[in-house]
1. Looking only at region 108-120, how many residues end up being buried (at least 17 other Cβ atoms within 10 Å of the Cβ) and more than 16 Å from the chain's Cα centre (by Cα)?
2. Kindly indicate whether any position in region 119-129 is at pLDDT below 95 and among the charged types (D, E, K, R).
3. Just to be sure I understand, how many residues within region 48-60 are over 16 Å from Val116 (Cα atoms) and in a strand (DSSP E or B)?
4. Would you pick out the residues in region 121-133 that are more than 22 Å from the chain's Cα centre (by Cα) and buried (at least 19 other Cβ atoms within 10 Å of the Cβ)?
5. Check Ala18, Ala31 and return the single one that is modelled with pLDDT under 55 and over 25 Å from Cys137 (Cβ atoms).
6. Kindly check whether there is at least one residue in region 95-103 that is surrounded by fewer than 13 Cβ atoms within 10 Å (Cβ to Cβ), at pLDDT 95 or above and of a type in the set (S, T, N, Q).
7. How many of the residues in region 64-91 are surrounded by 14 or more Cβ atoms within 10 Å (Cβ to Cβ) and outside any strand (DSSP E or B)?
Amino acid sequence: MKNAKCHKNLKKGSLMKAIVLGLFVVLSSSAFARDSQWSLCKTSTMIYEEKETLLLNRYEHRSNDGMGRTTDLTLIFGGHLLTGAFDSTEVDTGAVTLSSETSSFTGTILLKNNAVQLRGTLSLDGAETPLASNFRCEVLRD
């Protein structure tokens, strides 16, 4: 009889633990949410008077101080990789510079949910060309 009572109390305790654990997981699911988004964006645009394809790697995440947001950008054209970052804490548009050792883009950026707009000057190995592109983005990891 004593063993049956002990077994019944053990079952009650296990059930209570399972309920508490279940509530914890459900109510704190936002604590397990990712705090970043990685997208790959693509556009066809005119570069040096020829239609070309550009890619833009976009990684939006919490800033180093933990208080704001930063969007890391990598513009890809052939063997050119131009990198930079945009402080996207309170705004989704502003000045941006992307660069490598031999090339750069200087202009403005507009960030949207599934799109990026770049307007400015692209300089590849010293030769400049205007750039006005609308990139469509696909989320790779959210």
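The values are calculated or read from the model by the stated rules, or taken from the named source; none is laboratory data. Quantities reported herein were computed from a predicted structural model and do not represent experimental measurements. A quick note on method: Cβ atoms are made from the backbone with ideal geometry, for glycine too, and the neighbour counts reach across all protein chains shown.
1. Total meeting the criteria: 2.
2. Yes, some residue in region 119-129 is at pLDDT below 95 and among the charged types (D, E, K, R).
3. Result for region 48-60: 3.
4. Leu122, Leu124, Leu131
5. Within the list Ala18, Ala31, the selection yields Ala31.
6. Yes, the conditions are met somewhere in region 95-103.
7. Within region 64-91, residues that are surrounded by 14 or more Cβ atoms within 10 Å (Cβ to Cβ) and outside any strand (DSSP E or B) number 1.
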